[in-house]
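The structure under discussion appears below in the form of structure tokens.
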Amino acid sequence: MPKVIPKLSPPPVLSVSAAEVEIGIDEAGRGPILGPMVLACVALDAEAERALFALGVNDSKRFGAGPRAHAARSALVAEVHARARHVEVAVIDVAEIDARTRRGELNRLEQEVALRLLGSAPSCTRIVADGARIFAPLGRHYPHLRAENTADQTSIAVAAASLCAKVRRDELWLQICERYQAEFGELLTGFAGGGYLNEATRCFLRAYCTRYRCIPPEGRASWPWDFVAEL
């Protein structure tokens with residue numbers, strides 16, 4: 001049977017002006033051992049929220065994994081760009097992730113990037129960020145910001161941001177796969193592993209480290225590499 005994707009609750013019928021704008025902030029790729037992290041900022045008015053809800057905008061994780069999920073998310077991202085007041089995506093490369101992780105500043109790095117995104121966003125009625133512990137400190141700069149865990153399941157603006165971040169992250173992950181496809185072929189079929197430290201990723205990294213006696217340039221050296229230490 002086809003996979004059923006749960007939807008967000010319908011956006012409320014607002015008694016306030018349709019000119020009100022909500023900004024959503026979310027990230028993709030915080031956890032992988034390979035590749036960059038991506039943050040996205042999306043500003044939606046009430047009309048755009050209702051339209052995107054009707055089209056099926058939802059938390060990016062609800063779509064699953066693989067090429068079909070990527071295609072579904074990409075189609076919705078096109079709709080987000082067509083309807084949003086503002087969309088901006090920031091890519092944080094591996095070198096910056098490593099430098100800040102070694103100093104215990106990964107959360108601060110995300111906060112700084114989120115502040116840069118908000119600085120170029122339009123004025124808004126409210127800001128919702130996915131991640132209470134990470135983004136709550138931004139309330140010092142934006143009193144109308146609400147930081148919540150799983151906000152991508154309750155806010156359409158955050159769900160839209162999660163889709164934009166995830167699609168860009170997957171595009172960059174596919175570029176990594178294509179870079180090594182000729183050499184490591186079947187280990188990088190489709191979206192296998194996604195760069196997260198699962199068995200598919202371990203298989204690729206063991207093969208790479210066996211051949212080159214070092215980690216790939218896309219690898220986050222600040223993550224644990226004990227599974228290839230003997231190589």
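The values are calculated or read from the model by the stated rules, or taken from the named source; none is laboratory data. Only a predicted model underlies this, so the values are computations on that prediction, with no experimental measurement involved. Cβ: placed from backbone, ideal geometry, glycine included. Neighbour counts: every protein chain shown. Each accessible area value is taken on the protein alone, full model and side chains, heavy atoms only, with ligands, DNA and RNA left out. Shrake-Rupley method; radii C 1.70, N 1.55, O 1.52, S 1.80 Å.
Per-residue answers, yes or no, for (1) surrounded by 15 or more Cβ atoms within 10 Å (Cβ to Cβ); (2) not polar (S, T, N, Q):
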residue: His81; (1), (2): no, yes
residue: Ala84; (1), (2): yes, yes
residue: Val87; (1), (2): yes, yes
residue: Ile92; (1), (2): yes, yes
residue: Ala95; (1), (2): no, yes
residue: Ala99; (1), (2): no, yes
residue: Asn107; (1), (2): yes, no
residue: Leu118; (1), (2): yes, yes
residue: Ala121; (1), (2): yes, yes
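Do you know which residues across region 126-147 are within 21 Å of Val57 (Cα to Cα) and in contact with an Asp or Glu (Cβ under 7 Å, 6 or more places away or on another chain)?
Arg126, Val128, Asp130
From (1) at pLDDT below 90; (2) closer than 30 Å to Thr125 by Cβ, pick out the condition that doesn't hold for Leu188.
The number of the failed condition is (2).
In this structure, is Val77 buried (at least 19 other Cβ atoms within 10 Å of the Cβ), in contact with a strand residue (DSSP E or B) (Cβ under 9 Å, 6 or more places away or on another chain) and not aromatic (Phe, Trp, Tyr)?
Yes: the conditions hold for Val77.
So Ala192 passes all but one of these: (1) assigned to a helix (DSSP H, G or I); (2) within 17 Å of Gly31 (Cβ to Cβ). Which condition number does it fail?
Exception for Ala192: condition (1).
Give the residues of region 60-99 that are β-branched (Val, Ile, Thr) and more than 17 Å from Phe191 (Cβ to Cβ), sorted by residue number.
Across region 60-99, the qualifying residues are Val80, Val87, Val89, Val91, Ile92, Val94, Ile97.
Of all residues being part of a loop (DSSP other than H, G, I, E, B) and over 21 Å from Arg169 (Cβ atoms) in region 197-223, which is least open to solvent (accessible area, probe 1.4 Å)? Just the residue, please.
Step by step, filter region 197-223, then rank; the result is Cys214.
Is region 149-169 home to any residue that is modelled with pLDDT of 95 or more, among the hydrophobic types (A, V, I, L, M, F, W, C), closer than 28 Å to Ala75 by Cα and assigned to a strand (DSSP E or B)?
No, every residue in region 149-169 fails to be modelled with pLDDT of 95 or more, among the hydrophobic types (A, V, I, L, M, F, W, C), closer than 28 Å to Ala75 by Cα and assigned to a strand (DSSP E or B).
May I ask you to list the residues in region 53-70 that are open to solvent by less than 60 Å² (accessible area, probe 1.4 Å) and not charged (D, E, K, R)?
The answer is Phe53, Gly56, Val57, Asn58, Ser60, Phe63, Gly64, Gly66, Ala69, His70.
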